[in-house]
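Quick notes on the structure that follows.
The values are calculated or read from the model by the stated rules, or taken from the named source; none is laboratory data. If you're wondering where the values come from, they're calculated on a predicted model, not measured in any experiment. As a convention, Cβ positions derive from the backbone with ideal geometry for all residues, glycine included, and neighbour counts pool all protein chains shown. We work out accessible area using only protein heavy atoms, side chains counted, and drop any ligands, DNA or RNA first. Shrake-Rupley method; radii C 1.70, N 1.55, O 1.52, S 1.80 Å.
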Amino acid sequence: AAPYKVALRPYGAMLDDLRQFVDTSSCRILIPASSSLALHDAVPDGQKVAVRSPIAMAKAKKNTAELEGMRQAHLKDAVALIQYLVWLEDQVKVKKEVVLEAEGASKLEQFRRGQVGFVTPSFETISSSGANGAIIHYKPPDVGSKPITAHEIHLLDSGGQYRDGTTDVTRTMHFGSPSTHEKRCYTRVMQAHVALDTVVFPTGTTGYVLDSIVRAPMWRVGLDYRHGTGHGVGAFLNVHEGPHGMSLMRKATNEAGLEEGMTLSNEPGYYEEGNFGIRHENVLIVRKVDTEHQFGGVQFLGFEHITLVPFQRNMLLTELLSKAEHEWVDNYHKECLLKVGPLLQHDEVAYKWLCSATQPLCA
């Protein structure tokens with residue numbers, strides 16, 4: 001017989017069941033510190049063990065099958081997102097059609113539904129035009145949303161739940177002639193994004209510690225953003241998953257060190273109230289890195305990006321990029337074409353768009 005007794009109960013019954021259990025048992029009860037006050041109050045101090053759940057940490061470290069599923073989900077998601085961007089650019093830039101923010105979000109979901117294994121969006125799409133992009137968690141209203149135009153920056157943050165895994169990706173674009181200031185901000189955010197993608201650190205380093213490394217390229221020119229740099233991502237589970245994360249504003253992200261097999265978003269941004277918002281987001285897998293030394297016998301780690309959608313090349317000011325940053329962008333775009341290109345061979349228009357979008361920066 002199985003050694004564990006597991007029963008499924010309605011989520012809403014949690015508090016009443018806990019109180020009943022406390023009344024009939026003297027067992028010690030594990031209550032994570034992040035649980036609600038109501039749950040903590042329901043358990044006497046003598047029975048309470050207030051520590052982080054070991055289940056959360058085990059879930060955060062994905063196994064081989066989960067990691068491969070996440071990679072496959074992101075490849076399919078890249079196909080859908082690229083097909084949408086091709087459609088959107090054609091509507092807004094070429095045909096001069098009116099596409100409202102909410103309509104764009106619905107159209108993107110249609111493209112995702114065309115992918116095998118798609119189940120549902122992983123969260124409500126943030127489709128924002130112009131000043132709405134500066135509202136970090138903006139949701140376009142079903143009625144009365146702004147049009148996406150060729151005169152303003154468009155920020156698109158979206159994701160999908162696939163049987164293979166969960167995606168979360170943000171791309172920022174301009175279908176007209178962005179200002180030099182907009183390009184400068186876009187480039188500084190890209191430098192922050194590259195800083196995290198390429199960082200190497202000892203096992204157990206927390207996201208709280210790494211966050212300042214990401215912001216450094218922006219801090220040097222007086223820019224910043226009022227949200228965390230990253231969050232854990234579930235494997236066909238919650239798009240926001242703990243216990244790890246990356247935020248100077250959430251000290252809880254200093255409590256769970258990063259370990260091999262974890263997933264994490266990389267999403268620095270910049271927001272100018274009343275004008276625009278910029279965010280570059282990929283999903284990363286924490287991986288082992290071979291270093292020349294292993295101080296103290298500690299394994300060093302880095303990241304593997306699994307989101308493969310091009311950034312907008314004409315928004316980058318190459319004179320601001322270091323040689324290493326320039327090479328990172330070109331190599332990332334080569335990888336997008338190499339891995340996603342074969343999946344778009346059936347769609348000639350989208351494939352040509354991808355080939356153009358992944359040209360070297362100086363081409």
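Taking all protein chains together and rolling a 1.4 Å probe, Met262 ends up with roughly 0 Å² accessible. Relative contact order of region 158-226, taken over Cα pairs closer than 8 Å and 6 or more residues apart, is 24 percent.
Provide the FRET efficiency to the nearest 0.05 for the Gln359-Cys27 pair, computing r from the beta carbons and using R0 = 51 Å. Efficiency, from the Cβ-Cβ distance: 0.20. Which whole-number percentage describes the relative contact order of region 220-267, with Cα contacts under 8 Å and a sequence gap of 6 or more? 39 percent. Rolling a 1.4 Å probe over the protein chains gives Ile285 an accessible area of about 0 Å². Taking Ser265, Ser122, Ser36 as the candidate residues, the one with maximal mean-square fluctuation in a Gaussian network model of the chain, Cα springs under 10 Å, is Ser36. In a simple Cβ point-charge model (Lys, Arg +1; Asp, Glu -1; nothing else charged), region 1-158 has a dipole of about 500 debye relative to its Cα centre. Listed by chain and number, the lysines whose C-alpha is less than 19 Å from the C-alpha of Lys59, apart from same-chain residues fewer than 8 away, are Lys288. The residue list Gln72, Thr358, Asn132 was ranked by how far each Cα lies along the charge dipole of the chain toward its positive end, using unit charges on Cβ atoms, and Gln72 comes out on top. What a 1.4 Å probe finds exposed on the chain is 54% carbon and sulfur by accessible area, rounded to a whole percent. What percent do you get for the relative contact order of the chain when only Cα pairs under 8 Å and 6+ apart count? Computed value for the chain: 17 percent relative contact order.
Remark: accessible surface ordering of Leu223, Leu354 (largest first) is Leu223, Leu354, probe radius 1.4 Å.
Once the C-beta distance of Ala38 and Glu348 is scaled by a Förster radius of 41 Å, the resulting FRET efficiency is 0.10 to the nearest 0.05. Rounded to the nearest 20, the Cβ-based charge dipole of the chain about its Cα centre (Lys and Arg +1, Asp and Glu -1) stands at 200 debye.
Residues considered: Tyr11, Tyr186, Tyr270. Largest GNM mean-square fluctuation over the chain, using C-alpha springs under 10 Å, is found at Tyr11. Farthest toward the positive end of the dipole of the chain, out of Ala50, Leu344, Ser35, is the Cα of Ala50, where the dipole comes from beta carbon charges about the Cα centre.
Measuring only protein heavy atoms, the 1.4 Å probe finds Trp219 accessible over about 110 Å². Ordering Val221, Thr167, Pro202 by Cα displacement along the dipole of region 137-241 toward the positive end leaves Val221 in first place; charges were set at the Cβ atoms of Lys, Arg (+1) and Asp, Glu (-1).
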